[in-house]
Amino acid sequence: MSLLDGLLPHGICFAGRPDLVWLHVASDALIAIAYFVIPITLVIFLRRHRTVLSFNWAIALFAAFIVLCGTGHVLALITVWQPIYYLQGWVKALTAVVSVATAVAIMPLVPKLLAMRSPEELEAANAKLAEANAQLKIEAEARQLAEAEVRASLDEVRRSAAELEQFAYIASHDLQAPLRNISGFAQLLEKRYGSQLDGDGREFLDFIHKGTQQMQALIADLLQLSRVGRSKDSSVETLPLATTLERAVAVHAAEIKNRQAEIVIGPMPTLATEHRLLGQLLQNLIGNGLKFQRAGNMPRIEISVEEQGRHWCLRLRDNGIGIAPAQLEHIFEIFRRLHSQDEYEGSGIGLAICRKIAAHLGGTLTAQSEGEGRGTTFVLTLPKLPPQVKAAKAADEPTI
């Protein structure tokens, strides 16, 4: 714009007084510089400290408002000599819009700003956090110490169990030699002097024979118990479970025929496990079902299986004498017998062997019965993926 447009520069209002002109010029210049320095300082601070705030957009509006204010003072300075009032007016209008927008934007932020913690509060919070971290560190150290003690205890238990198994094996093995001597000399005594013995003598000799036979059976079962999971001959095989059951039943074929027993086997899956040990377990359970029967009763054993998630649940139900509910867990204890030797022969170790085999195979063995005379159901759960295979897969997986 020029004087031809009828507009005069603002400096004419100062009547040519230099002191008044430079007072306004200097004041507007300083104010403009201050306005421009403020947003520049904000930008430098935010970039240097990488500060990320949820109201950066409000800061941006405020910075624009400050820049426009500074621009307004620059234009005021220019109008002292040049009448650019339209440009100055549009800048003022834009400043007004931005200032109103800034005011509207800042109002909702006031509660948030008031809620911000003071330096003293932040320092107290940091102190509490440091205290909590120290406490967590103490707890972590205590937990690590407890875990180390548990590991040491487990190692001691494993060592004791291994020593106990080794002792059982050695003791059982060493006991057989004197037992064979007793049995041998008893047979020799009967052969040479049997005709000279009276009724009591023959009865006493019969007691010796029965005692040595029972002791031999007991030692054999102890050896079997100590060897569970220690034999290198057993390995994981994938075979039809029906095949393993048929082999276990075949062991009792003569007894099944003599007692007219009935063995009912339902549909069976193919199972990956140590089938040699599993066959031993099933053989013992089937033998129990045949042995613990009422006089004159024809044994019947039903064997079924069902899928339960990652396990197979095998059930062997018999129609035998049953078990009192209070004794269901005690029957798995070593040497625990619920009946006398005269009623039912046995060492009292068979079910302990079965449970140990089940645990070695990664499963469980429990018993169910509604009481004496109502039969017993043995429930064997076995994992679809045996522990040996699971451990091998875990070892092959890459660590992160």
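The values are calculated or read from the model by the stated rules, or taken from the named source; none is laboratory data. All figures in this text were calculated on a predicted structure; none of them were measured in a lab. A quick note on method: Cβ atoms are made from the backbone with ideal geometry, for glycine too, and the neighbour counts reach across all protein chains shown.
With respect to Ala358, is the statement that it is loosely packed, with under 14 Cβ neighbours inside 10 Å and either at pLDDT below 80 or in the same structural domain as Thr273 (by TED's automatic domain parsing) (or both) true? So Ala358 fails the test.
Conditions tested, residue by residue: (1) among the hydrophobic types (A, V, I, L, M, F, W, C); (2) modelled with pLDDT of 75 or more; (3) touching a helix residue (DSSP H, G or I) at 6+ places or on another chain (Cβ under 9 Å).
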site	(1), (2), (3)
Gly6	no, no, no
Phe14	yes, no, yes
Pro18	no, yes, no
Ile33	yes, yes, yes
Thr41	no, yes, no
Arg50	no, no, no
Ser54	no, no, yes
Trp57	yes, no, yes
Ala64	yes, yes, yes
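One residue stands out in the range 300-345 among those that are among the aliphatic types (A, V, I, L, M) and modelled with pLDDT of 90 or more: the one that is surrounded by the fewest Cβ atoms within 10 Å (Cβ to Cβ), namely Val305. Look at the range 102-127: where a residue is charged (D, E, K, R) and a partner is in a helix (DSSP H, G or I) and modelled with pLDDT of 65 or more, sitting 6+ places away or on another chain with Cβ atoms under 9 Å, you get Arg117/Ala124; Arg117/Ala125. Can you tell me which residue within the range 234-271, out of those that are of a type outside the set (Val, Ile, Thr) and in a strand (DSSP E or B), is farthest from Gln293 (Cα to Cα)? So the residue we want is Glu237.
Picking from residues in the range 164-201 that are surrounded by 12 or more Cβ atoms within 10 Å (Cβ to Cβ) and of a type in the set (D, E, K, R), the one that is modelled with the lowest pLDDT is Glu165. Taken over the range 202-223, the residue count meeting the criterion of being within 45 Å of the chain's Cα centre (by Cα) and either of a type in the set (Asp, Glu) or modelled with pLDDT of 75 or more (or both) is 1.
Against the conditions (1) in a helix (DSSP H, G or I); (2) at pLDDT 80 or above, Ala103 satisfies every one except (2).
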